[in-house]
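Q: Have a look at the structure that comes next, please.
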Amino acid sequence: MATSAPQLSRRQVFKSGLMLLVSAGLPFLADSETVFAEEYATDDFIVPPLPYAYDALEPAIDAKTMQLHHDKHFAAYTAKLNTALKSLGEKISPTGDALRSLLAQLSKVKDPGLRAAIRNNGGGYLNHKMFFESMTPKSKGEPSGAILEKITEQYGTFEDFKNAFTTAATTLFGSGFVWLVKEKSGKLAIRQYKNQDHPCMDNDGSVALLGCDVWEHAYYLKYMNKRPDYVSAWWTVVNWGEVNRRFEAA
Ligand code: MN
């Protein structure tokens with residue numbers, strides 16, 4: 001637990017700084033998510049501190065996997081995204097909205113190498129930022145409130161929804177993410193994404209609500225080839241409060 005204490009307090013310090021900025025009425029780009037780089041007064045995208053200890057999600061996800069996943073993989077996507085954006089010749093502010101907007105119009109990036117770098121690392125940034133925020137050691141294991149109502153309206157029961165999502169996560173061939181999205185029509189959908197693609201790249205007005213990372217780096221140390229066991233354990237750490245917040249903000 002000791003590993004998280006400084007991170008948590010650092011995050012809280014930045015959060016209070018954010019509240020001061022907001023209450024001072026300074027220009028502030030509101031984002032539906034938390035802790036983008038504007039809080040850090042930097043032009044670069046930053047890796048937000050993990051909002052819980054590395055070992056907080058055990059036994060579902062082990063501390064070593066969390067540490068490597070957050071501090072190495074997520075950090076690498078972030079660093080490579082910042083490098084790619086410097087070659088773009090266009091200022092992209094380090095906010096979720098600006099990044100989603102760029103990723104929704106990737107075809108406008110003419111250089112194929114740069115386009116691929118922004119796609120892979122920009123998608124990697126959003127996927128991981130949202131992935132880590134949508135887990136918590138305090139998970140209730142099932143949703144409540146508005147998202148539960150919508151899930152039961154569309155899928156019958158939470159178990160039926162969970163089965164459909166799990167099937168998508170276990171049948172995705174190779175590396176990728178499975179996302180629950182809210183479509184422009186208001187309907188929910190479960191979608192499979194290859195590599196680091198992210199729902200905003202569909203550019204169809206759908207909003208990402210809950211994503212499960214099924215890259216082997218997300219589970220191989222503990223689960224080895226048993227992806228279904230990892231997905232089953234992941235359900236026990238889903239932060240449904242965060243998913244509800246995304247749903248209601250969408
Ligand atoms: Mn990952």
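We did not get these values from a lab; they are worked out from the coordinates using the rules stated. Predicted model, so just to flag it, every value in this text is computed and none were measured. Backbone-built Cβ (ideal geometry, glycine too); neighbour counts: all protein chains shown.
Q: Amide H of L188 versus every other amide H placed in the peptide plane: which residues, excluding those fewer than 5 positions away on the same chain, fall under 5 Å?
A: Amide H to amide H, under 5 Å and 5 or more residues apart or across chains, L188 pairs with E183.
Q: If you don't mind, there's one more thing I want to ask. Considering only DSSP states other than H, G, I, E and B, which trypsin sites (Lys or Arg not before Pro) in the stretch 55-105 qualify as loop sites with at most 12 other Cβ atoms within 10 Å?
A: Within the stretch 55-105, the qualifying trypsin sites (Lys or Arg not before Pro) (loop, at most 12 other Cβ atoms within 10 Å) are K91.
Q: Let me ask something additional. If you scale each eigenvalue of the Cα gyration tensor by 5 and take the root, what three semi-axes come out for the stretch 89-129, rounded to whole angstrom and sorted largest first? Provide the component values of the computation, followed by the final result.
A: Details: eigenvalues 50, 30, 14 Å².
For the stretch 89-129, the ellipsoid semi-axes come out as 16, 12, 8 Å.
Q: Also, quick follow-up: Quick one: what are the phi-derived ³J(HN,Hα) couplings along the stretch 196-208, Karplus 6.51/-1.76/1.60 with θ = phi - 60°, whole Hz, x for glycine and proline?
A: 10, 5, 9, x, 4, 5, 5, 6, 10, x, 7, 10, 6
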